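Novice: A single structure is presented below for examination.
Quick note: the coordinates plus some simple rules give every number you see, no bench work behind them. These numbers come from a predicted model, not from an experiment. Every residue, glycine among them, receives a Cβ derived from its backbone with ideal geometry; neighbour counts consider all protein chains shown.
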Amino acid sequence: MSAVIDVHSHMFTENWLELLRRHGGPDYEVAPSLDSPDTVHYKGASFNVLEPQHFDFEARMGKMAAAGVDMAIISLPAPGVFWGSGDISLEAARSVNDDFSQAQAKYPEQIRWMASLPWEYPELAVPELTRACEQGAVAVLTLGNINGRHLTDELFAPIWRAIDDRALPVLVHPTVPPGTLDLALSQYAMVASIGFMVDTSVAVVRMIGEGFFDQYPNLKLIAAHAGATLPYLVGRLDRVYDVTRRARVNISKPPSEYLRQIYYDSVCYEFEALEMCLRVGGSDKLMYGSDYPFNLGDMEGCLARVDRLPEEQRHAVRSENAMRIFKL
């Protein structure tokens, strides 16, 4: 059986957590919730539980071995480093990147990592991208919105150009979406169940509509959580493109063709959802992911669903696609 590479897998670090506790306010705070005594909240809406396994690489090694996962490309998830001043955001990014680089040095066969960047400060982010790549970063993680700013905001153009020049993979990972308060997503864990899916889907559809993928042709974008709602909505996206002039002011091909260009992970919880993602993206664009170590993560289940695929697709998704795009 082929190797297994996990492209959607997270870690926090103690240095990052201390910075968040000190500088995350007023929007972000770490406070108790029904699910954990340490939970990240955004304006009162809980969205990330912090458990011991989020900080424990030895526990990760045991979990990966038990599940049959050979390598994880780890990343810092929401809220990332998007809080505090430019100096604080850069300090948090450098701290995480240094800690992840040290983890790769300690576990060279099991760990690779994605760079965290202070996106709101491009003059700081671009040099940090260079430094992180020199330390071993193989990709970048960004959130679906950056403190309410769309990823296509002109502010971020220097960062996207630097990423495109390097042809780096970028995992678009969701965070608390704009409108969370108006939609009362703080109730019933709706940030996690539907809010995250909205955040990723809106980010990618906006990129398509604004001609982003034509502007950055070397970009290898990965839409988290099996593309969120995008595989389910592909027919509607194309129909709107066909009948609505304002949907195609910047593009000359239907959204489904752009969705065929980007990449996806396998983080979903029904085999039928995985099949739908494959039909939209193709077997050369899907990669195994687990969302470990979150309580929603499912290292074994996600792999079991991948292993139900036909043999040729299974090997591509388990590791071959990741080896190609991350240049492993």
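Novice: Just from its helices, what would the mean residue ellipticity at 222 nm be for the chain, if runs of 4 or more DSSP H residues each count -39500 (n - 2.57) and the sum is divided by every residue, rounded to the nearest 500 deg cm²/dmol?
Specialist: Rounded to the nearest 500, it is -12000 deg cm²/dmol.
Novice: Averaging over all projection directions, find the projected area of the Cα convex hull of segment 122-213 and quote it in nm² with one decimal place.
Specialist: If I average the Cα hull's projected area over directions, I get 6.6 nm².
Novice: Also, quick follow-up: Assigning unit charges at the beta carbon (Lys, Arg +1; Asp, Glu -1) and nothing else, what dipole magnitude in debye, to the nearest 20, does the chain show about its Cα centre?
Specialist: The calculated dipole for the chain is roughly 900 debye.
Novice: For the ranges 91-100, 147-156, what's the packing order if you count other beta-carbon atoms within 10 Å of each residue, average per peptide, and put the highest first? Before the final figure, lay out each step's value.
Specialist: Numbers: 91-100: 22.4, 147-156: 15.3.
Packing proxy ranking, top to bottom: 91-100, 147-156.
Novice: Using only alpha-carbon positions, what ratio does the radius of gyration of the chain give when scaled by 2.2 N^0.38 Å?
Specialist: It is 0.93.
Novice: Please state the charge dipole magnitude for segment 271-328, taken about the Cα centre, from unit charges on C-beta atoms (+1 on K and R, -1 on D and E), reported in debye and rounded to the nearest 20. Please list the in-between numbers first.
Specialist: Values: 8 positive and 10 negative charges, 47 e Å.
Computed about the Cα centre, the dipole is about 220 debye.
Novice: Provide the net charge surrounding residue 52, with neighbours chosen by a C-beta distance below 13 Å and charges set as Lys +1, Arg +1, Asp -1, Glu -1.
Specialist: Taking every Cβ under 13 Å from that of residue 52, the sum is -3.
Novice: Sticking with this structure for a sec: I need the peptides 243-253, 136-146 ranked by packing, meaning the mean over residues of other C-beta atoms within 10 angstrom, with the highest value on top.
Specialist: On the way: 243-253: 11.7, 136-146: 23.5.
Averaged packing, sorted descending, gives the order 136-146, 243-253.
Novice: Let me have the relative contact order for the chain, percent, based on Cα pairs under 8 Å that are six or more residues apart. Mind dumping the intermediate values first?
Specialist: Working: 599 pairs, mean separation 57.9, N = 328.
Result for the chain is 18 percent.
Novice: Ok, one more. Please report, largest first and rounded to whole Å, the three semi-axes of the ellipsoid equivalent to segment 17-143, where each semi-axis is the square root of five times an eigenvalue of the C-alpha gyration tensor.
Specialist: Ellipsoid semi-axes (Å, largest first): 24, 22, 10.
Novice: How far is the Cα center of segment 73-130 from the Cα center of segment 30-71, in Å?
Specialist: Segment 73-130 and segment 30-71 have Cα centres spaced 18 Å from each other.
Novice: Considering only 249, 274, 319, whose Cα is most displaced toward the positive end of the charge dipole of the chain, charges sitting on Cβ of Lys, Arg (+1) and Asp, Glu (-1)?
Specialist: Highest projection toward the positive end goes to 249.
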